[in-house]
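All of the numbers you see were taken from the coordinates with simple rules; none came from a lab. Bear in mind the structure is a predicted one, so any value in this text is a computation, not a measurement. Note that each Cβ is placed from the backbone with ideal geometry, even for glycine, and that neighbours are counted across all protein chains shown.
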Amino acid sequence: MPFIWDKFYNIGINEIDAQHESFVNLLNRVSETYENMSNSLGNDEVKMKMYLDVLNLRKYAFNHFLTEEKYMISSKYQQYFEHKKQHDAFIKKVFELEEAVINSQEISPQKLINFMLSWLEGHIQKVDKAFGNYYKAMVGVKS
Ligand SMILES: [Fe+2]
């Protein structure tokens, strides 16, 4: 069942919200791809599809974190470095997943989906939202 983006998840900065929505689209694409597939990396087709998904996730992460961090720096956000640590940990995890796929280690598509879901719940809906509240108070943007 696809995850539906809701305005409730918006942090109030249009550029960032649009990127977060694209993360959810990516999550849904990944889920759809594997819905009817075997849960193992036993065949090359699953392996290549999974590798492409992880590459797309890396591309998203580099672009999106740069955007978010620019807003943090421009608004002199005191929690910037704490927040950035979470971004860096995400990228590190994506590289680990890439390596695992290349080395055919036992990682299931469900593991990738769970990783993305936990980021959505633990980061986007919490720490990004906290930054959005700060930014709106400091700079003032229409949500
Ligand atoms: Fe963030």
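Observations
- Compared with the dominant Cα axis of the chain, that is its longest principal axis, helix 14-35 is turned about 20°.
- In degrees, nearest ten, helix 80-102 long axis to first principal axis of the chain (Cα): 10 degrees
- Annotation: lysines with alpha-carbon distance below 28 angstrom to LYS70 (same-chain offsets under eight excluded): LYS7, LYS59, LYS84, LYS85, LYS92, LYS93, LYS126, LYS129, LYS136, LYS142.
- The long axis of helix 44-74 is offset from the longest Cα principal axis of the chain by roughly 10 degrees.
- When exposed loop sites are taken as trypsin sites (Lys or Arg not before Pro) in a DSSP loop with at most 13 other Cβ atoms within 10 Å, the longest stretch of the chain clear of them is 1-75.
- Segment TYR60-GLN78, length gained on full extension (0.36 nm per residue, minus Cα span): 4.0 nm
- Treating r as the C-beta distance of LYS126 and LEU52 and R0 as 41 Å, the FRET efficiency rounds to 0.90.
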